[in-house]
Amino acid sequence: MKTILVLNGPNLNLLGKRQPAIYGHETLDDVERLCSAVCADGFQVRLLQSNHEGQIIDWIHEARETTCGIVFNPGAFTHTSIAILDALNTYDPPVIEVHISQVHKREAFRHHSYVSLRADGVIAGLGLEGYAAGVRRVCQLAGKTD
């Protein structure tokens, strides 16, 4: 069984409660159910969330040995973390960057992403469906590597 890491950054633990007009009413449990439902045969999802940059970096390092791809919503670290970019640059399998909201219709600082410099794809503005699309893409890409 191949594992896809669905990694979530700061404040996403409040999904469904924080700014529902922007992020909706669904929770991370809903994200996990959706991602598991769209996994191709032979794949499984591991969903993690942290508000701590160092923890996210540690999980990316661990993922180098345990996963076939990462679907990553870095939250605010998108715009600030060179350290997360450096960690992602050590990771060879596919990385799909996901944002629930359409970040390019929001504040100007949200238009820049360090993570995009490493990502194999970027999905923004599709709500939770962005996660599902990311998981489908990782399944496609990881299936081609066998």
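Summary of computed values
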{"item": "Every pair of residues 6+ apart whose Cβ atoms lie under 6 Å, when the first sits in the stretch 122-134 and is on the phi > 0 side of the Ramachandran plot while the second is of a type outside the set (Ser, Thr, Tyr)", "result": "GLY125/GLN102; GLY127/GLY24; GLY127/ILE100"}
{"item": "Qualifying residue in the stretch 96-112 (condition: hydrophobic (A, V, I, L, M, F, W, C), open to solvent by 70 Å² or more (accessible area, probe 1.4 Å), farther than 22 Å from ALA132 by Cα and at pLDDT below 95)", "result": "yes"}
{"item": "Residues of the stretch 2-39 classified as of a type outside the set (A, V, I, L, M, F, W, C), under 14 Å from the mean Cα position of the chain (by Cα) and closer than 18 Å to GLY75 by Cβ, total", "result": "6"}
{"item": "Cross-chain or 6+ apart pairs with Cβ under 6 Å, the stretch 25-36 first and closer than 15 Å to ASN13 by Cα and without any contact (Cβ under 8 Å) to a residue 24 or more places away in the chain, then in a loop (DSSP other than H, G, I, E, B) and aliphatic (A, V, I, L, M)", "result": "THR27/LEU15; LEU28/LEU15"}
{"item": "Near pairs, Cβ below 8 angstrom, 6+ apart or cross-chain, from the stretch 74-86 (open to solvent by 30 Å² or more (accessible area, probe 1.4 Å)) to any residue that is modelled with pLDDT of 95 or more and among the β-branched types (Val, Ile, Thr)", "result": "PHE77/ILE56; PHE77/ILE84; PHE77/VAL115; ALA83/ILE57"}
{"item": "Residues that are at pLDDT below 95 and within 13 Å of the chain's Cα centre (by Cα), drawn from the stretch 127-146", "result": "GLY127"}
{"item": "Residue within the stretch 41-59 that is in contact with a Pro (Cβ under 8 Å, 6 or more places away or on another chain) and among the hydrophobic types (A, V, I, L, M, F, W, C) present", "result": "yes"}
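The values are calculated or read from the model by the stated rules, or taken from the named source; none is laboratory data. Quantities reported herein were computed from a predicted structural model and do not represent experimental measurements. Because the Cβ atoms are built from the backbone with ideal geometry, glycine has one as well, and the counts that use them run over all protein chains shown. All accessible areas refer to the heavy atoms of the entire protein, side chains included, with ligands and DNA or RNA removed. Shrake-Rupley method; radii C 1.70, N 1.55, O 1.52, S 1.80 Å.
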